[in-house]
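Read the figures in this text as sums done on the coordinates, not as results from a lab. Note that this is a predicted model, so its numbers are computed, not measured. Because the Cβ atoms are built from the backbone with ideal geometry, glycine has one as well, and the counts that use them run over all protein chains shown.
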Amino acid sequence: MKYDVLIIGGGIVGLVAAHALARSTRLSIGVVEAQPEAAIWDEKNYHHRVSAISLASQRIFAKLNLWPLLRCLRVSPFTEMQVWDAMGGGEIRFSAQEMAEPALGFIIENNAMLTVLREQLKNYPQVTLHSNVELKTLMTGAEEQTCLTNGAESFVAKLIIGADGAHSWLRKQMDFQISSTDYKQQAIVATVKTTLPHEGIARQVFLPTGPLAFLPLAEPHLTSIVWSVPTDAATHLLNIKIEAFNHELGTAFSHRLGDVSAVSPRYAFPLVSKHSEAYVAAGLALIGDAAHVVHPLAGQGVNLGIQDAMSLSFIVARAVNQRRQYWSLASLRHYERERRSENMLMLKGIDGLHSLFTSPAKPIQFIRSLGLDGLNALPIKNIFTQYASKKAF
Ligand SMILES: Cc1cc2nc3c(=O)[nH]c(=O)nc-3n(C[C@H](O)[C@H](O)[C@H](O)COP(=O)(O)OP(=O)(O)OC[C@H]3O[C@@H](n4cnc5c(N)ncnc54)[C@H](O)[C@@H]3O)c2cc1C
């Protein structure tokens, strides 16, 4: 099969790239996804994977005409964020009101985003989605790149975009070096009922073992938790009886939302950070987790990936309009320059926060409590929230 652009990976980031390219160019686009089954939003049950979506990402969904559909699928706005340090005692609060915005962001189930993205892709006849594809070989050329599947099927394109996640097959084929940190932690996620209502506030406590977030869902007494703990503690939390888990969770959260009870199974995700040394080669580009993976403590992974998808689509569309080779290295370098430095800043910031808050050293505890209390009193904190809200393509 031959396309102008082939996107490997039909996750949120790959599908946003397909939408953005289809809206802004007439290029033919193939999307190949390894999974045989599509994730479908379920009206009856909350999905265990949710994402905090920034205002910038929300504006992109609106621009791609996806927001009116998404907001019907239990999107939960949060109007305040409270972050505190269990050891140093400092606390910082962000509010939508201070920023003159209706919300700071939205908690959305990942399968809601995937359902809408996939369904709406059918509006673009130039896009074809192939599921259950196992790629085996990549052959690169000056004008064309070819991927062969296990069954010797071929996908040929001028530009191949790798949106195939943290273990990116394309990144490995390109032989790009990656810098990586294994946090030796896992994030436990679950849907949790609380006796007190969350009031649309996203809360996160930095415990000595790692951060614990309670993200508000559409129902006032339901939250989605992300609890990052060392690997052996994760094994313990996954295996203890539900009553013991509820007790440990409530204690770790100082019962800020009263008693808690998990209403879904518990799942664990290993936590690493990764950054690819390069994002592009002639005819090839990486976006999303294929290019960078960040710790979930700042809820930024999908948001950064969506920015990558939009930046690359914009640069491709501009080259098409100017009748330049959109797959050339010179053209793709614009994308790499724009996104790599910005992602690098976010990676370093998140890494720094993680080290600061998991350090048991007393002087560091003192500095971090000064940091959170001091930051809370300064207008500078708006810079953080404005970064999350204003960048939109
Ligand atoms: C516990 C946790 C909480 C998080 N919370 C947030 C949050 O609140 N906000 C936020 O912004 N981010 C969050 N993240 C990060 C976020 O989940 C990721 O950054 C995001 O899912 C990356 O999207 P992606 O499309 O790049 O990759 P993926 O979601 O990994 O999608 C990649 C897709 O490619 C497919 N694929 C893989 N290999 C191949 C192949 N060889 N051929 C074809 N297809 C292939 C996969 O099946 C998949 O569909 C969180 C992460 C974790 C672990």
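Details
- Taking label positions 7 Å along the Cα-Cβ direction at both residue 259 and residue 44, the computed distance is 2.7 nm, reported to one decimal.
- All-pairs alpha carbon distance profile, segment 266-359, 10 Å steps from 0, percent: 16, 43, 25, 12, 3, 0
- Longest exposed-site-free window of the chain, the sites being trypsin sites (Lys or Arg not before Pro) in a DSSP loop that have at most 11 other C-beta atoms within 10 Å: 123-240
- Karplus-derived 3J(HN,Hα) values for segment 220-231, using 6.51 cos²θ - 1.76 cosθ + 1.60 with θ = phi - 60°, are x, 10, 10, 9, 10, 9, 10, 10, 8, 9, x, 3 Hz; glycine and proline are entered as x.
- Projected area, mean over directions - the chain, Cα convex hull, nm²: 19.1
- Calculated [θ] (222 nm, deg cm²/dmol) that DSSP helices of n ≥ 4 give over the chain, each run adding -39,500 (n - 2.57): -11500 deg cm²/dmol
- Summarising the label geometry, the points placed 7 Å from Cα in the beta-carbon direction at residue 178 and residue 86 lie 2.9 nm from one another.
- Remark: for residue pairs 193/241; 2/63; 193/274, the C-alpha separation exceeds 24 Å in 2/63; 193/274.
- Helix 12-24 axis, angle to the chain major axis (alpha carbon atoms, nearest 10°): 50
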